[in-house]
There are 2 protein chains.
Amino acid sequence: MHLFWEHGYEATSLAMLREAMGLTPPQIYNAFTDKETLFRKALTRYHQTEIGFALDALSAPVSTREAIRRLLMGAAEAYSRPGKPGGCLFVSGALAASPQAQAIADELKAYRKGSEAAIAERLAKGQAMGDLPEGLSVDGFAKYLAGVMNGMSIQARDGASVEELRILAQTALAALPGQGQNQGASSKE
Amino acid sequence: MHLFWEHGYEATSLAMLREAMGLTPPQIYNAFTDKETLFRKALTRYHQTEIGFALDALSAPVSTREAIRRLLMGAAEAYSRPGKPGGCLFVSGALAASPQAQAIADELKAYRKGSEAAIAERLAKGQAMGDLPEGLSVDGFAKYLAGVMNGMSIQARDGASVEELRILAQTALAALPGQGQNQGASSKE
DNA sequence: AATTTTTCATAGCGATCGATACGAAACCTG
DNA sequence: CAGGTTTCGTATCGATCGCTATGAAAAATT
């Protein structure tokens, strides 16, 4: 999982996986069928072990604003964990791919779209509860938040620290409707 | 350039380049030395022809807020041009790479860092002119804006339309300090 | 026009890709 | 302990990678 996370699907060779797992090629293929299946297993494992913060944040019994804050702050941490590759596997795994790996790229795209849909769902709930203005476009704002998280993933990959990502998240939160004054990116935090 | 933009550096094979350019292998190597040099030529061409909006926006004699607005709106257009691959080559070109292509990944990272630095420079100028509060962290806000643009690049790659990207940009602008009320993501736009 | 020089496309180089055939070692059964 | 079966590591498969040597066609010079 770490190798796919770091180098992406195609750039991770079986030789690297073999060495990392300490397995012989037939053992790998007996256990995982082929490289594509192994990658999909890594995806589900990543989803379960590394980004639980997202589901936690979106399902917590807190205000919509607090839920979004937890979502972005969780991303800041998850994307810059020490000892882990920077960013999000769903972004780094196969943003660009050869025609042969189009299926993998599409699957990762589906994961990203799923995240955005989950955000939109939470926003719609918040709007129904009166946390958000009625005039707000839930889908548009979800696309903004998903975009910010994707951007954080790239910033993390470029070496941004958890503090820098937190400031970025805090800045992004200032775009939330109903904010009287900007709170993010202050040098006094 | 389009091939590298679409598939990334490593996933673009010489066979694809050969067919697209209508050249034989020796012609390619006579003209561009090797694949890496060809990619770097594509990078500089991309920089000159596709993302002039950024330099235009940052150097225009307008308010800081207007400059940032032009920057994000320019990105919305540039990342979703019809007939062009979605997103930004500097992001898609080699976000994840094999160890052999680390030099390419580092070069793209340098381009991204350069963009962020250019934004920070413009923000610092704006702060000196009184456009931005003194307490604002220029670097932190630049990281936010660069992150939003990177996120827009991924959203574009996932099929976001220019309108959706404009709404995203408008939403991101609401995080600008000194904004009384949120203007973005309204369903009435 | 004959000959030399240059240009250039084909064919193939070594290396590596993902994936597997095959022989040896280990293990259970008689 | 012998025989039969399973397990498993090595060695290698065909395909493709980036790249280049070589022979034929074209151009330039006598």
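The values are calculated or read from the model by the stated rules, or taken from the named source; none is laboratory data. Quick caveat, the model's predicted, so the values are computed rather than measured. Neighbour counts are summed over all protein chains in view; Cβ atoms, including those assigned to glycine, are modelled from backbone coordinates with ideal geometry.
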Hey, does the stretch B:43-56 have a residue that's away from chain A (no Cβ under 14 Å), touching a residue at least 60 places away in the same chain (Cβ under 8 Å), within 11 Å of DNA strand D (Cβ to nearest atom) and more than 18 Å from B:Gly86 (Cα to Cα)? no
Selection count, the stretch A:82-136, where residues are touching a residue at least 24 places away in the same chain (Cβ under 8 Å) and not in a helix (DSSP H, G or I): 15
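Can you list the helices (runs of 4 or more DSSP H) found entirely within the stretch B:1-80 that contain at least 1 residues being in contact with a Gly (Cβ under 9 Å, 6 or more places away or on another chain)? Even if it seems obvious, please write down each step before you answer.
On the way: elements: B:2-7, B:14-21, B:25-32, B:35-49, B:52-59, B:64-78.
Hits in the stretch B:1-80: B:2-7, B:35-49, B:52-59, B:64-78.
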Can you work out which of the residues in the stretch A:87-115 that are within 26 Å of A:Leu176 (Cβ to Cβ) and not hydroxyl-bearing (Ser, Thr, Tyr) is surrounded by the most Cβ atoms within 10 Å (Cβ to Cβ)? A:Val91
Looking at B:Lys143, B:Lys125, which one is more than 11 Å from the chain's Cα centre (by Cα) and more than 9 Å from chain A (Cβ to nearest Cβ)? B:Lys125
When only residues in the stretch A:10-20 that are more than 8 Å from every other protein chain (Cβ to nearest Cβ) and in contact with a helix residue (DSSP H, G or I) (Cβ under 7 Å, 6 or more places away or on another chain) count, which is nearest to DNA strand C (Cβ to nearest atom)? A:Leu14
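Given the options A:Glu19, A:Glu6, A:Glu10, A:Glu36, name the one that is of a type in the set (Asp, Glu), surrounded by fewer than 19 Cβ atoms within 10 Å (Cβ to Cβ) and at pLDDT 95 or above.
Numbers: A:Glu19 fails: at pLDDT 95 or above; A:Glu6 fails: surrounded by fewer than 19 Cβ atoms within 10 Å (Cβ to Cβ); A:Glu10 fails: surrounded by fewer than 19 Cβ atoms within 10 Å (Cβ to Cβ).
Every option except A:Glu36 fails the conditions.
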